[in-house]
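What follows is a single structure, written as structure tokens, with notes after it.
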Amino acid sequence: MKIVQLKRQKDKEWTYLSAQHLLKAPLVLVFGNRYLLEDKQLYTALRALFPDGHIVFGSTSGDITSAVVDDDSITVTAIEFERSHFVIKTSNLLETGQESFKTGAALVKQFDTTGLKFIFVVSEGSFVNGSQLTKGMNTLNDENVFITGGLCGDGARFEKTLASYNETPKEGEVVAIGFYGTTLEASFSIHGGWSPFGPQRIVTKSKANVLYELDGQPALDLYKKYLGEKAKALPSAALLYPLNVITTNEQKSIVRTILNINEADNSMILAGDIPENSKVQLMMTNIDNIASASERAALQAAEGRQTKPELALLVSCIGRKLVLDQRVEEEIEEVVAVVGDATVICGFYSYGEIAPFHDENSCKLHNQTMTITLISE
């Protein structure tokens with residue numbers, strides 16, 4: 001595996017973060033600020049750098065390398081696989097008019113599953129129902145294939161997100177990269193580091209990812225009561241106090257971020273579904289807990305591997321980034337300390353993370369987690 005990594009800050013030239021190599025038909029992952037990805041000349045510039053590259057774009061709430069987390073930049077990671085290969089499939093929610101479940105199901109069915117090791121997803125993040133997208137992707141139902149990835153971000157603006165494959169980034173796009181090869185080794189893990197607090201409430205009225213009532217009371221009113229003075233900073237303040245959700249049909253709880261609020265009907269719009277009769281609690285964390293959770297995720301992903309990872313794909317949540325603030329690099333440093341300096345770090349801060357629980361196969365939408373995928377040939 002040969003990897004070249006470079007970065008460009010706003011209004012500046014490309015800077016190489018690694019040695020320059022001539023790569024043959026590389027996978028080129030381009031993560032960065034949404035405004036910078038809207039540059040009409042960007043695709044042309046990258047095509048000139050990687051004439052036969054397979055270029056995948058995703059807007060972020062911060063792009064990740066081993067050295068830094070950047071908000072106003074574009075990070076490019078180009079990978080040439082020497083003993084394995086990849087296939088890329090796409091679908092667009094706006095162009096097909098399909099709802100999220102059908103989009104996820106149709107997307108994974110495009111892959112030949114013979115020799116398929118895992119799928120990495122870079123998805124539209126502003127209006128997709130991530131819960132339904134992952135449920136659709138689980139129709140692949142192959143015990144030997146796991147799916148990881150994330151929903152694109154747009155800083156803390158939540159205006160729109162962009163993604164694409166071999167074209168200028170656009171809205172509504174879902175990109176899936178399937179990895180194949182007998183010598184390819186891939187592993188993953190997720191951890192959050194958030195703790196529930198306060199009373200447990202019952203979801204008495206909801207629809208898909210919109211929460212209307214808890215214990216028969218307007219959900220937003222109740223949430224504001226717990227936040228106190230911090231309620232004035234909604235909806236951004238909600239990223240610091242997500243919900244722990246326990247459903248009747250899942251063995252493990254799921255963390256759900258509140259993306260927006262609706263004052264008119266006292267409802268809250270979550271990043272994923274929140275079924276009626278679920279039990280929910282507020283959650284909180286601190287910097288040490290988040291950093292420790294990232295370390296645990298890295299240790300678990302590295303557990304039992306036959307080869308050292310050459311590439312680590314990291315997808316972390318914008319809510320974690322807001323808590324870490326000026327110390328955001330600390331959770332990346334914890335990962336590097338586990339996987340080693342020789343492992344190239346590539347990733348982004350997202351509006352939702354996609355992965356199975358560590359001991360399961362079906363992928364799910366998570367919030368407030370660090371999701372790590374380790375790859376080697």
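The values are calculated or read from the model by the stated rules, or taken from the named source; none is laboratory data. Since we're looking at a predicted model, the values are computed, not measured. Here the Cβ positions follow ideal geometry from the backbone for every residue, glycine too, while neighbour counts run over all protein chains shown. With ligands, DNA and RNA removed, areas are computed over all heavy atoms of the protein, side chains included. Shrake-Rupley method; radii C 1.70, N 1.55, O 1.52, S 1.80 Å.
The lysine pair tally for the stretch 179-309, using Cα distances under 19 Å and a gap of 8 or more places or different chains, is 8.
Counting only Cα atoms, the chain measures 61, 44, 42 Å along its principal axes, largest extent leading. Where both bridge residues fall in the stretch 113-238, DSSP classifies roughly 65% of the beta bridges as antiparallel.
What net charge do the residues around L282 carry, taking every other residue with its C-beta under 15 Å from that of L282, with Lys and Arg at +1 and Asp and Glu at -1? Net charge in that neighbourhood comes out at +4. Counted over the stretch 57-126 with a bin width of 10 Å, the fraction of Cα pairs per bin, in whole percents, is 14, 37, 34, 15, 0. The residues of the chain expose on average 41 square angstrom of accessible surface per residue, using a 1.4 Å probe on protein heavy atoms.
Using the Cα gyration tensor of the stretch 246-377, with a ≥ b ≥ c the square roots of its eigenvalues, what is the shape: rounded (a/c below 1.5), prolate (a/b larger than b/c) or oblate (neither)?
Working: a/c = 2.43, a/b = 1.63, b/c = 1.49.
Cα axes put the stretch 246-377 in the prolate bin.
Working from Cα pairs under 8 Å separated by at least six residues, relative contact order for the stretch 1-137 is 26 percent.
Could you order D70, D112, D215 so the one with the most accessible surface comes first? Probe is 1.4 Å. Can you show the working numbers first?
On the way: D70 25, D112 95, D215 65 Å².
Solvent-accessible surface, decreasing: D112, D215, D70.
Could you estimate the translational diffusion coefficient of the stretch 1-100 from the Stokes-Einstein equation, with Rh from the Kirkwood formula over C-alpha pairs, at 20 °C and 1.002 mPa s, in whole µm²/s? List each step's numbers first, then the result.
Details: Rh = 14.6 Å.
Stokes-Einstein gives a translational diffusion coefficient of 147 µm²/s.
Using θ = phi - 60° in the Karplus curve 6.51 cos²θ - 1.76 cosθ + 1.60, the 3J(HN,Hα) couplings for the stretch 87-94 round to 10, 10, 10, 9, 8, 10, 4, 6 Hz; x is entered for Gly and Pro.
Proximity of backbone amide H atoms, modeled 1.01 Å from N, is registered between A271 and T257, L259 at under 5 Å, excluding neighbours fewer than 5 places apart on the same chain.
As a length-normalised measure over Cα pairs under 8 Å and 6 or more apart, the relative contact order of the chain settles at 20 percent.
Neighbours of N92, meaning other residues whose beta-carbon lies under 12 angstrom from its beta-carbon, give a summed charge of -3 when Lys and Arg score +1 and Asp and Glu score -1.
Think of the stretch 177-288 as having a plus end and a minus end, set by charges on the Cβ of Lys, Arg, Asp and Glu; of I190, F179, N262, N262 sits farthest toward the positive end of this dipole. Once divided by 2.2 N^0.38 Å, the Cα radius of gyration of the stretch 180-241 becomes 1.73. Taking the stretch 185-306, how much of its Cα-Cα pair set, in percent, is spaced more than 24 angstrom apart? So the pairs more than 24 Å apart make up 32 percent of the total in the stretch 185-306.
Give the shape of the stretch 43-97 as rounded, prolate or oblate, defined through the alpha-carbon gyration tensor: a ≥ b ≥ c are the square roots of its eigenvalues, a/c under 1.5 means rounded, and otherwise the shape is prolate if a/b is larger than b/c and oblate if not. Cα axes put the stretch 43-97 in the oblate bin.
Annotation: amide H of S18 within the under-5 Å range of Q5, sequence separation 5 or more or interchain, hydrogens built in the peptide plane.
Counting charges near Y349 (Lys, Arg +1; Asp, Glu -1) among other residues having Cβ under 11 Å from its Cβ returns a value of -4. Express the carbon and sulfur contribution to the solvent-accessible surface of the chain as a percent, rounded to the nearest whole number, probe 1.4 angstrom. After summing per-atom areas, the C and S share lands at 48 percent.
The trypsin sites (Lys or Arg not before Pro) of the stretch 109-166 meeting both criteria, a DSSP state outside H, G, I, E and B (loop) and at most 15 other C-beta atoms within 10 angstrom of the site's C-beta, are K109, R157.
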